[in-house]
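The values are calculated or read from the model by the stated rules, or taken from the named source; none is laboratory data. The model shown is predicted, which means the values in this text are computed figures rather than measured ones. We place every Cβ from the backbone using ideal geometry, glycine too, and count neighbours over all the protein chains shown. These area figures cover heavy atoms from the full protein model, side chains too; ligands, DNA and RNA do not enter into them. Shrake-Rupley method; radii C 1.70, N 1.55, O 1.52, S 1.80 Å.
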Amino acid sequence: EPEVTQTPSHQVTQMGQEVILRCVPISNHLYFYWYRQILGQKVEFLVSFYNNEISEKSEIFDDQFSVERPDGSNFTLKIRSTKLEDSAMYFCASNILYRADTEAFFGQGTRLTVV
Amino acid sequence: GENVEQHPSTLSVQEGDSAVIKCTYSDSASNYFPWYKQELGKGPQLIIDIRSNVGEKKDQRIAVTLNKTAKHFSLHITETQPEDSAVYFCAASILTGGGNKLTFGTGTQLKVEL
(Lines give C-alpha, C1' and ligand atoms only; values in the text may rest on other atoms or scores of the structure.)
Protein backbone atom coordinates (compact mmCIF):
# COMPACT_ATOMS: atom_id res chain seq x y z
CA GLU A 1 0.00 0.00 0.00
CA PRO A 2 1.43 3.40 -0.92
CA GLU A 3 2.35 5.63 1.98
CA VAL A 4 3.74 9.04 2.82
CA THR A 5 7.26 8.78 4.20
CA GLN A 6 8.89 11.33 6.49
CA THR A 7 12.48 11.70 7.63
CA PRO A 8 13.91 12.00 10.17
CA SER A 9 11.54 10.53 12.73
CA HIS A 10 13.08 12.68 15.45
CA GLN A 11 15.15 15.84 15.14
CA VAL A 12 16.76 17.69 18.01
CA THR A 13 18.12 21.14 17.26
CA GLN A 14 19.39 24.14 19.12
CA MET A 15 17.36 27.31 19.18
CA GLY A 16 18.27 29.55 16.27
CA GLN A 17 19.39 26.72 14.02
CA GLU A 18 17.85 25.88 10.67
CA VAL A 19 16.09 22.56 10.20
CA ILE A 20 14.75 20.82 7.13
CA LEU A 21 12.05 18.21 7.45
CA ARG A 22 11.66 15.87 4.53
CA CYS A 23 8.69 14.08 3.08
CA VAL A 24 8.09 11.77 0.15
CA PRO A 25 4.40 12.01 -0.77
CA ILE A 26 2.51 9.27 -2.57
CA SER A 27 3.73 9.27 -6.14
CA ASN A 28 0.58 10.15 -8.09
CA HIS A 29 -0.66 12.73 -5.62
CA LEU A 30 -0.87 16.36 -6.62
CA TYR A 31 -1.48 18.28 -3.41
CA PHE A 32 0.91 18.37 -0.50
CA TYR A 33 0.49 19.67 3.00
CA TRP A 34 2.31 20.26 6.23
CA TYR A 35 0.54 20.12 9.56
CA ARG A 36 1.90 20.34 13.05
CA GLN A 37 0.77 19.03 16.41
CA ILE A 38 2.09 20.49 19.62
CA LEU A 39 2.18 17.85 22.32
CA GLY A 40 -1.31 17.13 23.62
CA GLN A 41 -3.01 19.54 21.24
CA LYS A 42 -4.89 19.22 17.98
CA VAL A 43 -3.41 18.92 14.54
CA GLU A 44 -3.04 22.35 12.90
CA PHE A 45 -2.74 23.21 9.23
CA LEU A 46 0.44 25.00 8.18
CA VAL A 47 0.57 25.11 4.41
CA SER A 48 -0.69 23.54 1.21
CA PHE A 49 1.33 23.24 -1.98
CA TYR A 50 0.20 22.58 -5.52
CA ASN A 51 1.80 22.97 -8.91
CA ASN A 52 5.10 24.04 -7.35
CA GLU A 53 3.73 26.89 -5.35
CA ILE A 54 2.08 27.60 -2.03
CA SER A 55 -1.66 27.69 -2.44
CA GLU A 56 -2.66 28.45 1.13
CA LYS A 57 -0.92 29.05 4.42
CA SER A 58 -1.98 29.61 8.00
CA GLU A 59 -0.99 32.36 10.40
CA ILE A 60 1.54 29.99 11.92
CA PHE A 61 3.42 29.78 8.62
CA ASP A 62 5.40 33.01 8.91
CA ASP A 63 8.59 34.13 7.21
CA GLN A 64 10.61 31.62 9.20
CA PHE A 65 8.95 28.78 7.32
CA SER A 66 9.34 27.76 3.71
CA VAL A 67 8.44 24.75 1.61
CA GLU A 68 9.98 23.34 -1.49
CA ARG A 69 9.62 20.47 -3.88
CA PRO A 70 13.23 20.23 -5.04
CA ASP A 71 12.67 17.24 -7.30
CA GLY A 72 9.90 14.97 -8.46
CA SER A 73 9.54 13.09 -5.22
CA ASN A 74 10.57 15.11 -2.15
CA PHE A 75 8.63 17.81 -0.36
CA THR A 76 10.47 19.73 2.35
CA LEU A 77 9.63 22.09 5.18
CA LYS A 78 12.40 24.45 6.29
CA ILE A 79 12.42 26.42 9.48
CA ARG A 80 15.13 29.06 9.22
CA SER A 81 15.73 30.00 12.83
CA THR A 82 14.04 27.62 15.21
CA LYS A 83 12.36 28.77 18.39
CA LEU A 84 11.44 26.78 21.47
CA GLU A 85 7.77 27.01 20.51
CA ASP A 86 8.48 25.27 17.20
CA SER A 87 8.85 22.04 19.16
CA ALA A 88 6.07 19.82 17.86
CA MET A 89 5.24 16.83 15.72
CA TYR A 90 5.22 17.80 12.07
CA PHE A 91 3.11 15.79 9.67
CA CYS A 92 3.29 15.76 5.92
CA ALA A 93 0.18 14.78 3.98
CA SER A 94 -0.81 14.39 0.36
CA ASN A 95 -3.87 13.72 -1.71
CA ILE A 96 -4.89 13.46 -5.28
CA LEU A 97 -7.94 15.72 -5.10
CA TYR A 98 -9.97 15.10 -8.16
CA ARG A 99 -12.85 16.31 -6.03
CA ALA A 100 -13.03 18.37 -2.87
CA ASP A 101 -13.58 15.37 -0.67
CA THR A 102 -10.69 13.00 -1.01
CA GLU A 103 -8.67 11.31 1.64
CA ALA A 104 -5.52 12.99 2.87
CA PHE A 105 -2.81 10.46 3.66
CA PHE A 106 -0.55 11.39 6.53
CA GLY A 107 3.02 10.39 7.17
CA GLN A 108 4.25 9.09 10.49
CA GLY A 109 5.56 12.50 11.46
CA THR A 110 8.82 14.10 12.51
CA ARG A 111 9.16 15.02 16.15
CA LEU A 112 11.08 18.28 16.32
CA THR A 113 12.60 19.21 19.65
CA VAL A 114 14.16 22.65 19.97
CA VAL A 115 16.47 23.04 22.95
CA GLY B 1 -12.35 30.49 8.97
CA GLU B 2 -13.68 27.09 9.86
CA ASN B 3 -13.86 26.10 13.53
CA VAL B 4 -14.43 22.53 14.68
CA GLU B 5 -15.46 21.68 18.22
CA GLN B 6 -15.20 18.11 19.53
CA HIS B 7 -16.61 16.44 22.64
CA PRO B 8 -15.84 14.73 24.90
CA SER B 9 -12.10 15.21 25.36
CA THR B 10 -11.82 11.86 27.12
CA LEU B 11 -14.08 8.83 26.98
CA SER B 12 -13.76 5.63 28.90
CA VAL B 13 -15.95 2.63 28.05
CA GLN B 14 -16.09 -1.03 28.94
CA GLU B 15 -15.13 -3.51 26.26
CA GLY B 16 -18.17 -4.36 24.19
CA ASP B 17 -19.94 -1.08 24.89
CA SER B 18 -20.53 1.64 22.32
CA ALA B 19 -18.66 4.93 22.09
CA VAL B 20 -19.96 8.15 20.60
CA ILE B 21 -17.89 11.22 19.78
CA LYS B 22 -19.52 14.43 18.60
CA CYS B 23 -18.27 17.35 16.55
CA THR B 24 -19.71 20.63 15.35
CA TYR B 25 -18.43 22.85 12.60
CA SER B 26 -19.00 26.49 11.80
CA ASP B 27 -18.74 26.91 8.05
CA SER B 28 -21.76 25.69 6.10
CA ALA B 29 -19.57 25.42 2.98
CA SER B 30 -17.69 22.45 4.46
CA ASN B 31 -18.44 19.39 2.40
CA TYR B 32 -16.15 16.65 3.64
CA PHE B 33 -15.87 15.25 7.15
CA PRO B 34 -13.20 12.64 7.89
CA TRP B 35 -12.45 10.92 11.15
CA TYR B 36 -8.88 10.05 12.03
CA LYS B 37 -7.48 7.65 14.60
CA GLN B 38 -4.10 8.47 16.05
CA GLU B 39 -2.14 5.95 18.03
CA LEU B 40 0.73 6.99 20.23
CA GLY B 41 3.71 8.20 18.21
CA LYS B 42 1.99 7.75 14.87
CA GLY B 43 0.35 9.93 12.28
CA PRO B 44 -3.42 10.26 11.90
CA GLN B 45 -5.03 7.39 10.03
CA LEU B 46 -8.35 7.79 8.27
CA ILE B 47 -10.97 5.43 9.63
CA ILE B 48 -14.12 6.72 7.96
CA ASP B 49 -15.33 9.81 6.16
CA ILE B 50 -18.61 11.26 5.02
CA ARG B 51 -19.56 13.64 2.28
CA SER B 52 -22.06 16.45 2.65
CA ASN B 53 -24.60 14.78 0.40
CA VAL B 54 -24.85 11.75 2.69
CA GLY B 55 -26.49 11.56 6.10
CA GLU B 56 -24.98 8.35 7.40
CA LYS B 57 -22.24 5.92 6.54
CA LYS B 58 -21.27 2.64 8.13
CA ASP B 59 -18.22 0.43 7.92
CA GLN B 60 -18.42 -2.66 10.10
CA ARG B 61 -18.32 -1.44 13.73
CA ILE B 62 -17.85 2.20 12.81
CA ALA B 63 -20.52 4.62 11.66
CA VAL B 64 -20.67 8.34 11.09
CA THR B 65 -23.74 10.57 10.92
CA LEU B 66 -23.97 14.07 9.54
CA ASN B 67 -26.60 16.71 10.21
CA LYS B 68 -25.96 19.54 7.79
CA THR B 69 -28.72 21.73 9.14
CA ALA B 70 -27.35 21.62 12.66
CA LYS B 71 -23.75 21.47 11.41
CA HIS B 72 -22.75 18.53 13.50
CA PHE B 73 -21.45 15.06 12.86
CA SER B 74 -20.78 12.09 15.09
CA LEU B 75 -18.66 8.97 15.21
CA HIS B 76 -20.19 5.78 16.59
CA ILE B 77 -18.09 2.76 17.49
CA THR B 78 -20.00 -0.35 18.50
CA GLU B 79 -18.70 -3.45 20.29
CA THR B 80 -15.56 -1.62 21.34
CA GLN B 81 -12.33 -3.55 21.71
CA PRO B 82 -9.10 -2.70 23.54
CA GLU B 83 -7.39 -1.97 20.22
CA ASP B 84 -9.87 0.85 19.66
CA SER B 85 -8.09 2.77 22.42
CA ALA B 86 -6.50 5.82 20.78
CA VAL B 87 -7.07 9.50 20.15
CA TYR B 88 -9.80 10.23 17.62
CA PHE B 89 -9.95 13.46 15.66
CA CYS B 90 -12.80 14.77 13.58
CA ALA B 91 -12.08 17.21 10.80
CA ALA B 92 -13.91 19.37 8.30
CA SER B 93 -12.82 20.44 4.88
CA ILE B 94 -13.73 23.12 2.36
CA LEU B 95 -12.35 23.03 -1.11
CA THR B 96 -10.18 26.05 -1.70
CA GLY B 97 -8.07 26.99 -4.67
CA GLY B 98 -5.20 25.36 -2.90
CA GLY B 99 -6.52 21.98 -2.07
CA ASN B 100 -8.28 20.20 0.72
CA LYS B 101 -7.26 21.95 3.91
CA LEU B 102 -8.43 20.07 7.00
CA THR B 103 -9.53 21.80 10.18
CA PHE B 104 -9.28 19.38 13.06
CA GLY B 105 -11.19 19.09 16.29
CA THR B 106 -9.37 18.97 19.60
CA GLY B 107 -9.40 15.19 19.83
CA THR B 108 -10.99 12.55 22.04
CA GLN B 109 -8.90 10.14 24.04
CA LEU B 110 -10.84 6.88 23.96
CA LYS B 111 -9.96 4.22 26.48
CA VAL B 112 -11.56 0.81 26.23
CA GLU B 113 -11.27 -1.05 29.49
CA LEU B 114 -11.37 -4.80 29.90
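Rule-of-thumb check for chain A: C-alpha Rg over 2.2 N^0.38 Å?
Numbers: Rg = 13.4 Å, N = 115, 2.2 N^0.38 = 13.4 Å.
Computed over Cα atoms of chain A, the ratio equals 1.00.
Hand me the chymotrypsin sites (Phe, Trp or Tyr not before Pro) from the range A:48-115 located in a DSSP loop with no more than 11 other Cβ atoms within 10 Å, in residue order please.
Working: sites: A:49, A:50, A:61, A:65, A:75, A:90, A:91, A:98, A:105, A:106; in loops: A:61, A:98.
Those satisfying the criteria are A:98.
Mind checking how much accessible area B and A bury in total, 1.4 Å probe, in Å² rounded to 100?
Values: alone 6400 and 6820 Å², together 11230 Å².
Counting both chains, the buried surface is close to 2000 Å².
Quantify how much of the Cα-Cα distance distribution of the range B:60-111 extends past 15 Å, in percent.
On the way: 797 of 1326 pairs.
Taking all Cα-Cα pairs of the range B:60-111, the fraction more than 15 Å apart is 60 percent.
From zero up to wherever the largest Cα-Cα distance of the protein assembly as shown sits, split into 10 Å bins and tell me the percent of pairs in each.
P(r) for the protein assembly as shown, in whole percents per bin: 8, 33, 35, 19, 5, 0.
For chain B, report the accessible area per residue in Å² (1.4 Å probe, heavy atoms, rounded to an integer).
Accessible surface, normalised per residue, equals 47 Å².
First compute the accessible area of the protein assembly as shown with a 1.4 Å probe, then give the percent of it belonging to carbon and sulfur atoms.
Working: 5230 of 11230 Å².
After summing per-atom areas, the C and S share lands at 47 percent.
Which of B:13, B:64, B:87 moves the most in a Gaussian network model of chain B with Cα springs under 10 Å?
B:13
Could you grab the Rg to Rh ratio for the range B:1-84? Cα atoms only, Kirkwood for Rh. All intermediate terms of the calculation are to be shown ahead of the outcome.
Working: Rg = 13.2 Å, Rh = 13.6 Å.
Answer for the range B:1-84: 0.96.
Just need the relative contact order of chain B here, percent rounded to a whole number, with Cα pairs under 8 Å and 6+ apart. Show your work: numbers first, answer last.
On the way: 287 pairs, mean separation 41.5, N = 114.
Once normalised by length, the contact order is 36 percent.
Can you flag which of B:37/B:71; B:58/B:111; B:42/B:71; A:42/B:101 are past 20 Å Cα-Cα? Provide the component values of the computation, followed by the final result.
Numbers: B:37/B:71 22 Å; B:58/B:111 22 Å; B:42/B:71 29 Å; A:42/B:101 15 Å.
Those over the limit are B:37/B:71; B:58/B:111; B:42/B:71.
Any idea of the accessible area per residue across the range A:41-115, 1.4 Å probe, to the nearest Å²?
On the way: 3490 Å² over 75 residues.
Accessible area per residue: 47 Å².
When each pair of different Cα atoms in the range B:15-57 is counted once in the 1/r mean, what is the Kirkwood radius in angstroms, to one decimal?
Working: mean 1/r = 0.0792 Å⁻¹.
Every distinct Cα pair counted, the radius reaches 12.6 Å.
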